[in-house]
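Participant: Sharing a structure with you now.
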Amino acid sequence: MAEFGVRDMSAPLKRVLMRRPAKSLIDADAATWHYGAAFDAEKAIRQYGDFANFVEQSGAEILWIEDRGDGLADAMFTQDPLLMTPHGAVLLRPGKAERRKEVALHEAACKKAGIPILGRIDGFGTVEGGDVVWLDAETLLIGRGLRTNDEGIAQLATILAAQGVDALSYDVPLWNGDDACFHLSSIVSPLRRDLALVFAPLLPVALYQILQEWGISLVEAPADEFHASNGGSLQVLALKPGELVMLSGYPKTQAALETAGCTVQTFEGDALCVPCEGGPTGLVCPLLRSAG
Ligand SMILES: NC(=[NH2+])NCCC[C@H](N)C(=O)O
């Protein structure tokens, strides 16, 4: 069996790349990294442990990138520097300049694991993993915004076209301004092949229409919990189709997911995900999801 390959966002998670925060997060200056007032590194590290346990218990194999104090505090959000395709990995180039050195960590991990690298985003191009969502094995949705630019999208589309994959791009809103983190995955989280959680007021119409066209039913994220969580309530990770991990403290969102037939495990992320601007999906870089 192949040890890599991702073609959708909810098939059983078999292998992932993760980085447990340690010294770099403890040493992080909150202002430099744009972490909010509730940031508390020691507490964040404990909360990360609870999250990692869920991933471990799901049976997924975790390849760890060590945090030995390289100063890359955001590197725990392993989703962003790499896109796994059905055919191999693409090394991305984060729009947030402080994160560019993370790509070398992912490149080394791929080499060690024998995962082929199909290409990389370079020059002035930027793409972050949080801005890409697989619709099916031949269709990738890309969010154009502060983290992912036209040049990056053009480069990624060329790399993917060689693999027979179409890239469709959509504008993501400015939301909280230049320094804040806001991705396509901040407004849509696939839960099963036929189900996604969305924050409807910020959904581009063309994206709404393609989700409809693909027969994907939408669960609407309650607005008050979306705002209170800084968008983290929406970034729900599918360990398997309909088997989800989300932040605790957002009961209306959880109930909406359960009503739609999903099972939900929760962990506290008020010191980790909310102030550091990235939910459970951002904390995992899927390397292998089996056919759903
Ligand atoms: N895919 C994600 N959810 N990434 C979240 C990244 C958060 C990180 N602090 C940043 O601003 O880049």
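Participant: Write out the GluC sites (Glu not before Pro) in the stretch 55-106 meeting two conditions: DSSP loop, and at most 14 other Cβ atoms within 10 Å of their Cβ.
Facilitator: Values: sites: Glu56, Glu61, Glu66, Glu98, Glu102; in loops: Glu66.
Here the GluC sites (Glu not before Pro) that fit, given the DSSP loop and packing criteria, are Glu66.
Participant: Past 27 Å, Cα to Cα: identify those pairs from Lys23/Lys240; Lys101/Lys252; Lys23/Lys112; Lys96/Lys252; Lys23/Lys111, in the order given.
Facilitator: On the way: Lys23/Lys240 32 Å; Lys101/Lys252 38 Å; Lys23/Lys112 23 Å; Lys96/Lys252 32 Å; Lys23/Lys111 25 Å.
Cα-Cα > 27 Å for Lys23/Lys240; Lys101/Lys252; Lys96/Lys252; rest within.
Participant: Quick check: pseudo-label points 7 Å beyond the Cα along Cα→Cβ at Ser248 and Arg100, how many nm apart are they?
Facilitator: Those two pseudo-labels are separated by 4.1 nm.
Participant: Next question, about the same structure. Can you list the HN-Hα couplings for the stretch 254-263, worked out from phi with the Karplus curve (6.51, -1.76, 1.60; θ = phi - 60°), rounded to whole Hz and with x for Gly and Pro?
Facilitator: With the stated coefficients, the stretch 254-263 comes to 4, 5, 5, 5, 5, 4, 7, x, 8, 9 Hz.
Participant: Give me the accessible area per residue for the chain, probe 1.4 Å, as a whole number in Å².
Facilitator: Values: 11460 Å² over 292 residues.
Computed with neighbouring chains in place, this is 39 Å² per residue.
Participant: Which three semi-axes in whole Å describe the equivalent ellipsoid of the chain, each the square root of 5 times a Cα gyration tensor eigenvalue, listed largest first? The partial results should precede the final answer.
Facilitator: Numbers: eigenvalues 110, 107, 75 Å².
That gives 23, 23, 19 Å for the three semi-axes.
Participant: To continue, here is another question. So the label point goes 7 Å from the Cα of Asp194 along Cα→C-beta, right? Which residues of the stretch 225-255 then have their backbone N under 16 Å from it?
Facilitator: 241-243
Participant: At 0.36 nm per residue, minus the direct Cα-Cα distance, what do Asp70 and Ala206 gain on full extension? Give it in nm, one decimal, please. Walk me through the intermediate numbers first.
Facilitator: On the way: separation 136, 0.36 × 136 = 48.96 nm, distance 4.08 nm.
Gain in length upon complete extension: 44.9 nm.
Participant: Also: Expressed as a whole percentage, what fraction of the accessible surface of the chain belongs to carbon and sulfur atoms when a 1.4 Å probe is rolled over the protein heavy atoms? Present the calculation step by step, with values, prior to reporting the outcome.
Facilitator: Working: 5800 of 11460 Å².
With neighbouring chains kept in place, the figure for the chain is 51 percent.
The values are calculated or read from the model by the stated rules, or taken from the named source; none is laboratory data. Keep in mind it's a predicted model, so treat the numbers as computed, not measured. As a convention, Cβ positions derive from the backbone with ideal geometry for all residues, glycine included, and neighbour counts pool all protein chains shown. Remember, those area values only see protein heavy atoms, side chains included, never the ligands or the DNA or RNA. Shrake-Rupley method; radii C 1.70, N 1.55, O 1.52, S 1.80 Å.
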